[in-house]
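These notes concern the structure reproduced below.
Derivation of every value follows stated rules applied to the coordinates shown; laboratory data play no part. Remember, it's a predicted structure, so these values are computed and weren't measured experimentally. Note that each Cβ is placed from the backbone with ideal geometry, even for glycine, and that neighbours are counted across all protein chains shown.
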């Protein structure tokens, strides 16, 4: 039976490939998102760890209510210097500083932060920043800027530049251009680095610093020093390990990366959702096409469960292949995203792409899960094919669309209500409600599709009916039923190959095409007349013919 | 005829399709037995119920009333799963068309019922059946690469390979030219003579029916009469006499 499923996949590989593309894309977005964000986090992790590796302890303000850390008195710098075991004391002052380009336009600031730092000689090697051109700002009129802002705005060492600061706009000379590790900037943030005195003045931090990095003497137990310092710190200040500082930095990065994650996962979700519909539709068509084959299996002894498993197993094969390809494409997407972000000035420190086991597992679970779930309904339908269908043309009685219409209309209505409420009402999760409402509407409309198709077919068939009389009306009727049933997934396509016995008189020839596409109209000229496929839901073409044209040759299979 | 020598039978079998003004009585209180190890043909005009009889006695369709038996098993007592297992173990089929799974080659089609059952084909028996059907050099071909006659012989081999209690054939030579049809029917006759296989065949072709040991005539869903070991000419004359 497994062999049968595998052969089934191969036999329908073109159709399945097209369907699998949707799954591939969905999985690719999911895995690409994870690879991309994992890589970003990993590179920052490396960067901050490198930087903070040299720092044993940090003295900083205590956060109140999750706000930005308050500054601490500059006097603590001298106290730290006097603390036994402390080798290097590197204070830092930071704030907001927005660069202005040569045309007087502010650089950046639409989203990513515009950061200002202080630099002290003691901090050499303790900052993630590296000088690319020129030097650090050693005088009060100097500023060092990030290389992306410099390159994008044609700024060089020696140029003067206006900077918007808490104290107003001031003009500085560019003393140097810095990179953030190997990246041109920090996720799109612009950087302005000043000397400590300047930073304290322009950030309105006279007598204050933002944090103090401490490097201890060799052989000193940092826990003892940390405890000692903690005991002497005033209220509002704390001392943490370099590792704790790294973790806090990474947390900030995670928040920055979070929005990218959300956007990409939403795209992935849409792709997966659409993919599920395509997969389900494809399996419905395949099952309908294979009514005879499935009936034969039932006749020679396959249980309903075995037939279901054949179809589901086909889905599993497709799901695995599509998901694995999807993970591969996802890695390519991550590489593309990285390049795109770099091109748009969102600097990301260089690092290898991180493909975690979790990424592959999630990709496989999503791809496989969606494919299997989408195949379940068609698979159950396959199991319901009666074995007698292999021997004769069993007519599936035309199904009343009533229940489907009612269900479809309800679901569509619910979706529309959700969208409207989301748009109009003043509630917290309006966006989520509109989004899920749109999805529900989509599902509802697709449930109504057979009805829409039937009415459309009736309308579109009017000219043919006028033009061709009896055969035209039959064609219209065929089209109407087939359109409705095709979308409903009931066995229609296979009828094209089974009309051999129904050679009518008016030139109705059996359609010998293995696969009828689209309208199932199977137009072909037979004796100069419009050839027709057996109408669905009627015993045979001869019957139809007898009913419509009083043929002397009534079909032998007519009731 | 006692139960031991009966491979299959129907008792008071009635099958009604549709309801109201479209109601059709395909089988009308029919009682009939098929002897073990014999080749029986069922004939009758269109609408006489011969195909319906085949479907119902083979467990592919259910009777409206009455009973159908394969061996000692009453089909009406079985649920879908048991009926499926019965078909798998005790019944072989040869249909008029669409006998083979297009994606499997001839050998795989022949062993399909065994594969479905999760078993292994008896190699010696498989070889014997394949040799009998003259398919030795065609085993790795897909159905699309076989002639109509070869396809039907593959179907016949599939029906025989699981050593079923009974093989049902529905117009097996209906889509074949006379030479290929004669070949197929010759093989079926051979299976009855050599292997003691029981075969019940529905046909409207006197030449095909002439291969049978016994030809049963139906009309309007009822038993009309039968001929023992007839020639094609006898059958043809008989059909004319009963107005078929």
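Odds and ends about this structure:
- Note on B:92-99: average number of Cβ atoms from other chains within 10 Å of each residue's Cβ is 5.
- For residue A:255 and residue A:384, a Förster radius of 60 Å and the Cβ-Cβ distance give a FRET efficiency of 0.70, rounded to the nearest 0.05.
- Here region A:228-295 and region B:44-58 have alpha carbon centers that stand 62 Å from each other.
- Global geometry of region A:6-89, whether rounded, prolate or oblate, following the gyration tensor of its Cα atoms and the 1.5 cut on a/c: prolate
- Kirkwood hydrodynamic radius of region B:149-244, from inverse mean 1/r over distinct Cα pairs, in Å: 14.0
- Each of residue B:182 and residue A:443 was given a label point 7 Å from its Cα along the Cα-to-Cβ line. The distance between the two points is 6.4 nm.
- Of the peptides A:194-201, B:150-157, A:277-284, B:222-229, the ranking by mean beta-carbon count within 10 Å, highest at the top, reads B:150-157, A:194-201, A:277-284, B:222-229.
- Spin-label model distance (nm) - residue A:358 vs residue B:81, 7 Å beyond Cα toward Cβ: 4.2
- Mean ellipticity per residue at 222 nm, deg cm²/dmol - from DSSP H runs of n ≥ 4 across chain B, formula -39500 (n - 2.57): -10000 deg cm²/dmol
- Note on region A:13-44 and region A:171-208: Cα centroid distance 39 Å, given to the nearest whole angstrom.
- Taking the C-alpha atoms only, the angle from helix B:178-195 to the longest principal axis of chain B is near 90 degrees.
- Region A:117-203 - convex hull of the alpha-carbon atoms, volume per residue in Å³: 87
- Annotation for residue A:101 and residue A:339: the two label points, set 7 Å from Cα along the Cα-Cβ direction, are 2.5 nm apart.
- Global form of region A:206-251, assessed from the alpha-carbon gyration tensor, a/c cut-off 1.5: oblate
- Residues residue B:11 and residue A:403, FRET efficiency given R0 of 45 Å [Cβ-Cβ distance, rounded to 0.05]: 0.70
- Peptide B:50-57 shows a mean partner chain C-beta count of 2 within 10 Å per residue C-beta.
- Added length on full extension, which subtracts the Cα-Cα distance from 0.36 nm per residue, residue A:2 to residue A:266: 91.5 nm
- Rounded to whole Å, sorted largest first: equivalent-ellipsoid semi-axes of chain B, Cα gyration tensor: 28, 22, 17
- Annotation: the antiparallel percentage among DSSP beta bridges lying fully within chain B is about 55.
- Residue B:139-residue A:41 FRET efficiency (beta carbon distance; Förster radius 56 Å; 0.05 resolution): 0.45
- For region B:62-156, the fraction of alpha-carbon pairs in successive 5 Å shells from zero, as %: 2, 12, 20, 20, 16, 12, 9, 6, 2, 0
- Alpha carbon centroid spacing (whole Å) that separates region B:213-244 from region B:118-162: 32
- Stretchable slack from residue A:87 to residue A:426, in nm (0.36 nm times residue separation minus alpha-carbon distance): 116.3 nm
- Degrees between helix B:148-161 axis and first principal axis of chain B (Cα, 0 to 90, nearest 10): 90
- Compared with the dominant Cα axis of chain B, that is its longest principal axis, helix B:123-132 is turned about 70°.
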